[in-house]
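For reference, the structure is listed below as structure tokens.
The values are calculated or read from the model by the stated rules, or taken from the named source; none is laboratory data. In this text, all values refer to a predicted model and were calculated from it rather than measured experimentally. Reconstructed Cβ throughout: ideal geometry from the backbone, glycine too, with neighbour counts over all protein chains shown.
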Amino acid sequence: MGHRHIITLLTDFGSQDAYVSSMKGVILGICPEAVIVDISHHVRKFDVRQGAFLLHQAAAYFPKGTIHMAVIDPGVGTDRRRIIVEGKRCLFVGPDNGVLSLAVQREGFVKGVEIRENRFMLPNPSTTFDGRDVFAPASAHLACGVVLEEFGPVISRIVTPSFARATRIKNKLVGEVLHVDTFGNIITNIQRSLLSSFNAVEGEVFQVKVAKDCARMIFSRTYGNVQVGTPVIVVGSGDLIEISVNRGNASDLFKADTGSQIEILRRPNA
């Protein structure tokens with residue numbers, strides 16, 4: 001499946017403790033030729049949504065066959081599943097709590113398995129550190145060529161939280177705020193394909209509701225095609241719909257935060 005020796009790591013572990021380095025040690029002990037790339041270890045603690053967003057943003061730009069391991073896992077040791085998902089290009093390893101959902105949605109679900117086989121875990125795994133004892137060895141064995149079906153029973157779907165379920169209801173798109181970037185751009189969970197279903201054209205005006213605030217906004221290819229200070233709908237670099245203000249801060253204007261509801265209403269006569 002391409003570059004199967006590349007393993008990316010995404011966690012909320014930070015960089016002061018030995019958690020990340022111990023996972024890397026496990027990977028290299030099993031698959032010494034692995035190339036390990038850090039996406040981030042500074043996801044907000046327990047913030048599955050932010051982890052899912054960062055994985056979605058980064059995964060698409062790695063070579064085919066890359067193994068993406070994401071461990072934002074507040075339910076570690078509980079009965080939530082430990083899974084591997086094969087997408088159309090890459091493989092995803094982590095807890096089945098939604099952290100993989102956006103990236104898998106973007107790439108496409110081909111098949112998945114639950115990690116059950118003890119021979120692909122460290123001996124006597126801890127109940128509090130699946131990253132080191134389950135996900136790291138599984139990723140390393142994948143990188144060294146173990147096929148998906150050997151890890152455990154096949155699964156047909158993964159957990160899809162609300163932040164991965166934007167919808168179209170007639171002439172309205174309904175979603176939520178996934179992330180607010182350092183420019184104040186409000187990045188929604190509404191994918192380009194949903195807006196494309198409207199056949200929206202440059203300069204078309206939509207009624208947009210962000211949390212409790214409403215405004216009319218132009219759909220534009222980019223920020224600079226409208227006057228300075230004007231709110232605008234754009235398709236961002238991650239193929240998600242953004243609410244922005246040209247040279248301004250949309251999150252200040254709309255008092256939006258992660259999880260705020262977004263509604264994009266097409267004018268009935270459009």
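Touching a residue at least 24 places away in the same chain (Cβ under 8 Å), in contact with a helix residue (DSSP H, G or I) (Cβ under 8 Å, 6 or more places away or on another chain) and closer than 27 Å to ALA60 by Cβ, is that true of VAL180? Criteria met by VAL180.
Do we have SER197 as out of contact with any Leu (no Cβ under 9 Å at 6 or more places or on another chain) and more than 14 Å from LEU253 (Cα to Cα) here? No. Residues in region 209-219 that are outside any strand (DSSP E or B) and surrounded by 14 or more Cβ atoms within 10 Å (Cβ to Cβ): ALA211 only. Taking the stated definitions as given, is THR167 exposed (fewer than 13 other Cβ atoms within 10 Å of the Cβ) and within 30 Å of SER21 (Cα to Cα)? Answer is no for this residue.
In the set GLY51, GLY87, GLY77, only one residue is within 19 Å of VAL159 (Cα to Cα), modelled with pLDDT under 95 and not charged (D, E, K, R); that residue is GLY77.
Please verify whether PHE46 is over 20 Å from THR127 (Cβ atoms), hydrophobic (A, V, I, L, M, F, W, C) and out of contact with any helix residue (DSSP H, G or I) (no Cβ under 8 Å at 6 or more places or on another chain), treating the condition exactly as stated. No: the conditions fail for PHE46.
Hand me the list of strands (runs of 3 or more DSSP E) wholly inside region 23-98 holding 2 or more residues that are over 19 Å from HIS141 (Cα atoms) and assigned by TED's automatic domain parsing to the domain that holds THR11. Fully inside region 23-98 and qualifying: 35-40.
For the criterion of being under 20 Å from ALA58 (Cβ atoms) and crowded, with 16+ Cβ neighbours inside 10 Å, LEU195 fails.
For (1) out of contact with any Gly (no Cβ under 6 Å at 6 or more places or on another chain); (2) in contact (Cβ under 8 Å) with a residue 24 or more places away in the chain, each residue gets a yes or a no:
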residue	(1), (2)
GLY184	yes, yes
GLN191	yes, yes
SER196	yes, no
ASN199	yes, no
ALA215	yes, yes
PRO231	yes, no
LEU240	yes, yes
ILE243	yes, yes
SER251	no, yes
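The condition (being touching a His at 6+ places or on another chain (Cβ under 9 Å) and surrounded by fewer than 23 Cβ atoms within 10 Å (Cβ to Cβ)) is satisfied by just one residue among PHE120, PHE129, PHE109: PHE120.
Scanning region 39-52 for residues that are crowded, with 23+ Cβ neighbours inside 10 Å, in contact (Cβ under 8 Å) with a residue 40 or more places away in the chain and over 17 Å from CYS90 (Cβ atoms) yields VAL48, ARG49. Within region 53-69, does at least one residue satisfy the condition of being surrounded by fewer than 18 Cβ atoms within 10 Å (Cβ to Cβ), touching a residue at least 12 places away in the same chain (Cβ under 8 Å) and more than 19 Å from ILE39 (Cβ to Cβ)? No, that holds for no residue. Taking the listed residues GLU263, GLU242, the one that is buried (at least 20 other Cβ atoms within 10 Å of the Cβ) and in a strand (DSSP E or B) is GLU242, with no other qualifying. Is it fair to say PHE206 is over 19 Å from LEU55 (Cα atoms), in a loop (DSSP other than H, G, I, E, B) and among the hydrophobic types (A, V, I, L, M, F, W, C)? Considered against the rule, which asks whether it is over 19 Å from LEU55 (Cα atoms), in a loop (DSSP other than H, G, I, E, B) and among the hydrophobic types (A, V, I, L, M, F, W, C), PHE206 comes out as no. Scanning region 6-38 for residues that are without any contact (Cβ under 8 Å) to a residue 12 or more places away in the chain and either of a type in the set (D, E, K, R) or surrounded by 21 or more Cβ atoms within 10 Å (Cβ to Cβ) (or both) yields a count of 1. Taken together, PHE151, PHE183, PHE206 contain a single residue that is of a type in the set (A, V, I, L, M, F, W, C) and under 22 Å from the mean Cα position of the chain (by Cα), which is PHE183.
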